[in-house]
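Working notes for the structure below.
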Amino acid sequence: MKTNILVSKLFRRQLIYFFYFIIMSHSSITKLMEPKTPSWFVDQFKNTIINLIPELVPSSFYLIGIFELTIGILFLSCVFLKNNKQLFVSKLAFSFVLVLFIMLSFGQRISGNFQDSAILFFYFTASLYLESFVSESC
């Protein structure tokens with residue numbers, strides 16, 4: 001019975017890693033494949049403080065994409081690592097996820113998109129929960 005529980009936790013942990021890998025990798029690839037910053041992104045920050053610094057809006061778009069790609073790679077590596085190395089990398093990956101959600105939420109707030117900022121709070125909270133589940137089951 002104990003073996004089944006351990007296998008089940010290991011399987012769920014691997015699914016969590018793979019889920020974040022797919023979500024973050026797909027999101028990053030779609031951003032990084034853009035030849036230029038999409039107009040909807042530039043328009044979203046047109047009347048914000050971010051737009052006061054030249055080229056900050058376009059570089060932010062690609063910075064988010066690079067950040068998401070890094071997170072995806074970290075989660076993919078968790079699938080293949082064992083024990084303490086897996087725990088360390090997963091904690092690092094989840095920390096990056098939390099920072100990403102803070103960055104995205106900040107952008108939504110300053111652009112006046114309060115509803116999407118609130119939704120990101122739930123993603124942040126779910127990531128905290130999943131990080132604690134992964135840490136417990138290692």
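Scan segment 52-65 and tell me whether some residue there is touching a Gly at 6+ places or on another chain (Cβ under 9 Å) and in contact (Cβ under 8 Å) with a residue 60 or more places away in the chain. Checking segment 52-65: not a single residue is touching a Gly at 6+ places or on another chain (Cβ under 9 Å) and in contact (Cβ under 8 Å) with a residue 60 or more places away in the chain.
Of all the criteria given as (1) among the hydrophobic types (A, V, I, L, M, F, W, C); (2) closer than 21 Å to Phe106 by Cα; (3) at pLDDT 95 or above, the one not satisfied by Ile49 is (3).
Pull up segment 120-138, narrow it to residues that are of a type in the set (A, V, I, L, M, F, W, C), under 17 Å from Gln14 (Cβ atoms) and outside any loop (DSSP other than H, G, I, E, B), then point me to the one that is modelled with the highest pLDDT. Checked segment 120-138; the qualifying residue modelled with the highest pLDDT is Leu130.
If you go through segment 82-117, how many residues are polar (S, T, N, Q), under 18 Å from Phe61 (Cβ atoms) and either assigned to a helix (DSSP H, G or I) or touching a Gly at 6+ places or on another chain (Cβ under 7 Å) (or both)?
Of segment 82-117, the ones polar (S, T, N, Q) are 83-84, 86, 90, 95, 105, 108, 111, 113, 115, 117.
Those left that are additionally under 18 Å from Phe61 (Cβ atoms): 105, 108, 111, 113, 117.
Remaining after also requiring either assigned to a helix (DSSP H, G or I) or touching a Gly at 6+ places or on another chain (Cβ under 7 Å) (or both): 105, 108, 117.
So the answer is 3.
Exactly one residue out of Leu63, Leu52 is of a type outside the set (Gly, Ala, Ser), out of contact with any strand residue (DSSP E or B) (no Cβ under 6 Å at 6 or more places or on another chain) and within 22 Å of Ser95 (Cβ to Cβ): that is Leu63. Determine if segment 14-22 includes at least one residue that is modelled with pLDDT under 95 and over 17 Å from the mean Cα position of the chain (by Cα). No. In the condition set (1) free of Cβ contacts under 8 Å to residues at least 40 places away in the same chain; (2) touching a Leu at 6+ places or on another chain (Cβ under 9 Å); (3) not aromatic (Phe, Trp, Tyr), Asp43 is compliant with all but (2). Out of Ile29, Ile71, I need the residue that is over 17 Å from Leu128 (Cα atoms), part of a helix (DSSP H, G or I) and of a type outside the set (Phe, Trp, Tyr). Which one? Sole residue among the options that is over 17 Å from Leu128 (Cα atoms), part of a helix (DSSP H, G or I) and of a type outside the set (Phe, Trp, Tyr): Ile29.
The values are calculated or read from the model by the stated rules, or taken from the named source; none is laboratory data. Computed from a predicted structure; not experimentally measured. Glycine gets a Cβ as well: all are built from the backbone with ideal geometry, and neighbour counts include every protein chain shown.
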